[in-house]
1. Pick from B:80, B:92, B:76, B:49: which is within 12 Å of chain A (Cβ to nearest Cβ) and surrounded by 23 or more Cβ atoms within 10 Å (Cβ to Cβ)?
2. Just to be sure, is residue B:147 assigned to a helix (DSSP H, G or I), of a type outside the set (Asp, Glu) and surrounded by 13 or more Cβ atoms within 10 Å (Cβ to Cβ)?
3. Being open to solvent by less than 40 Å² (accessible area, probe 1.4 Å), closer than 13 Å to residue B:63 by Cβ and either in a strand (DSSP E or B) or within 14 Å of chain A (Cβ to nearest Cβ) (or both) is the filter here, so list the residues in segment B:1-29 that pass it.
4. In segment B:180-208, what residues are in contact with a strand residue (DSSP E or B) (Cβ under 6 Å, 6 or more places away or on another chain), farther than 21 Å from residue B:155 by Cα and in a helix (DSSP H, G or I)?
5. Going through B:62, B:107 one at a time, which residue ends up being part of a strand (DSSP E or B), modelled with pLDDT of 95 or more and closer than 28 Å to residue B:226 by Cα?
6. Pick from B:167, B:172, B:218, B:203: which is within 13 Å of chain A (Cβ to nearest Cβ), open to solvent by 40 Å² or more (accessible area, probe 1.4 Å) and not polar (S, T, N, Q)?
7. Can you find, within segment B:176-200, the residue that is farthest from residue B:61 (Cα to Cα) among those that are open to solvent by 50 Å² or more (accessible area, probe 1.4 Å) and among the polar types (S, T, N, Q)?
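The values are calculated or read from the model by the stated rules, or taken from the named source; none is laboratory data. Treat the numbers as computed from the prediction; the structure is a model and nothing was measured. Because the Cβ atoms are built from the backbone with ideal geometry, glycine has one as well, and the counts that use them run over all protein chains shown. Remember, those area values only see protein heavy atoms, side chains included, never the ligands or the DNA or RNA. Shrake-Rupley method; radii C 1.70, N 1.55, O 1.52, S 1.80 Å.
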Amino acid sequence: MDLVNRVLDKGVVIQGDITISVAGVDLVYLGLNAVLTSVATAKERLGRKGIDVFGGERAPGADRSA
Amino acid sequence: MVRLYCIRRRGQAPPPQGLRGVAGEIVRLLEDGPLGAWVSAGDDETSPSVERLRQHDAVVREALRTATPLPVRYGSSFASEGRLLDALRERSEQWLETLERVGGHVEMGMQVRWVTEPEPPALPENAGSERPPRSGREYLERRRRSRESEDRLRREAADALDRVDAELARPELRSVRTLLPRSGVAGLVAHLVQSSSIQAYREQVRRVNAAFTDLDVEASGPWAPYSFV
């Protein structure tokens, strides 16, 4: 539990590439303490809705996430 | 995809050859400006299993053997090395200041458990064998009792940590507290300790443990300074 408490809940946080742009607002999708699905599944599901999931994969008209 | 484990100063020892991290991926060094980063190839699996957390921490621990790193929280992945380096550059001054602050230190922990666990908080309304409240007034009274018992438990936990801190008598140590992390545990205390003083810290915690009959106090670590970055 000491390990989980530290590695999951503490430490440096740098926003990576697992973000979604929705209407130009960046959202951190995968909460590190409550990951619900794999990145592949997330890309598959969210890509169908036309949301920019990863840098380089843009839906038409969507802003690039930071 | 690139997974990030920790940040260090440029020029410090690189990962040992053959070191493997999460999902068995080889750990390597990326350097940019004054900073270095220990990284590996990432994968699409992001669920934080205990095994993957151990693998992540094992890499951070290896870095800690040669110089205090800034441990990165599990799950920091980037689409490319370039994007990772861009993210590091944005706050490079901040990372350097933090490295300066924690350099030469490790994180040690104290777990403070009650020997006899206090009475748990009153169950909230509609839980278990309690019948549903018959009126709004009864509902609110139950909520008040539940909150009061939660507050009482938190005060008891804080009091336990205060007593342990007083016995440890190291007010100069930077510390971070977590109250009631799980059942039976009053709290966790993380201390930032000089790397040369790990054994002395452990002995002090053993002495503290012996001073109490109602609490069990146990040391853990050394850890990379997760709580102080």
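1. Only one candidate passes the filter, namely B:76.
2. So residue B:147 passes the test.
3. Of everything in segment B:1-29, those that are open to solvent by less than 40 Å² (accessible area, probe 1.4 Å), closer than 13 Å to residue B:63 by Cβ and either in a strand (DSSP E or B) or within 14 Å of chain A (Cβ to nearest Cβ) (or both) turn out to be B:4, B:5, B:6, B:7, B:8, B:21, B:27.
4. Scanning segment B:180-208 gives B:195, B:198, B:201, B:202, B:205.
5. It is B:107.
6. B:218
7. It comes out as B:183.
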